[in-house]
Amino acid sequence: MEIIKKTGIVLYANLYTKVAFVLYPDDTRYKARVRVRSVLCGKTCKRCPHGPYIYIQWREKGKLKEKYFRAVSKEEKQGGSFEKII
Ligand SMILES: [Zn+2]
């Protein structure tokens, strides 16, 4: 389980089982899922696509929420574990 603290929220994620959850300071907890995707930033960029990046996504009162978790590391990309994340 990897843990990343954001302002007002803590994200927990197992990137291989894709089990994730979100914890608020008042102990409210939401089950979440791990999403991995690359991002296109603009028409003139020659380095697109960027990433891949890992996001944590969950539903809160019917609304879909998402937070950036971290980038997929070079080792994960090269070592083949990136495929497991997807
Ligand atoms: Zn770009």
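Tabulated results
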quantity	calculated
Breaking point among (1) at negative phi; (2) more than 16 Å from the ligand (Cβ to nearest atom), for Lys18	(1)
Verdict on Lys65 being charged (D, E, K, R), surrounded by fewer than 10 Cβ atoms within 10 Å (Cβ to Cβ) and not in a helix (DSSP H, G or I)	no
Residue match in the stretch 36-46 (condition: in contact with a helix residue (DSSP H, G or I) (Cβ under 7 Å, 6 or more places away or on another chain) and in a strand (DSSP E or B))	yes
The one condition in (1) over 24 Å from Ile3 (Cβ atoms); (2) in contact with a strand residue (DSSP E or B) (Cβ under 8 Å, 6 or more places away or on another chain); (3) of a type in the set (D, E, K, R) that Arg47 fails to fulfil	(2)
Considering residues of the stretch 1-45 that are modelled with pLDDT under 90 and among the basic types (Lys, Arg) only, the residue surrounded by the fewest Cβ atoms within 10 Å (Cβ to Cβ)	Lys43
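Residues checked against (1) within 16 Å of the ligand (Cβ to nearest atom); (2) free of Cβ contacts under 8 Å to residues at least 24 places away in the same chain:
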site	(1), (2)
Leu11	no, no
Ala32	no, no
Val39	yes, yes
Cys45	yes, yes
Cys48	yes, yes
Pro52	yes, no
Arg70	no, no
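The values are calculated or read from the model by the stated rules, or taken from the named source; none is laboratory data. Since this is a predicted model, take the numbers as computed values, not measurements. Backbone-built Cβ (ideal geometry, glycine too); neighbour counts: all protein chains shown.
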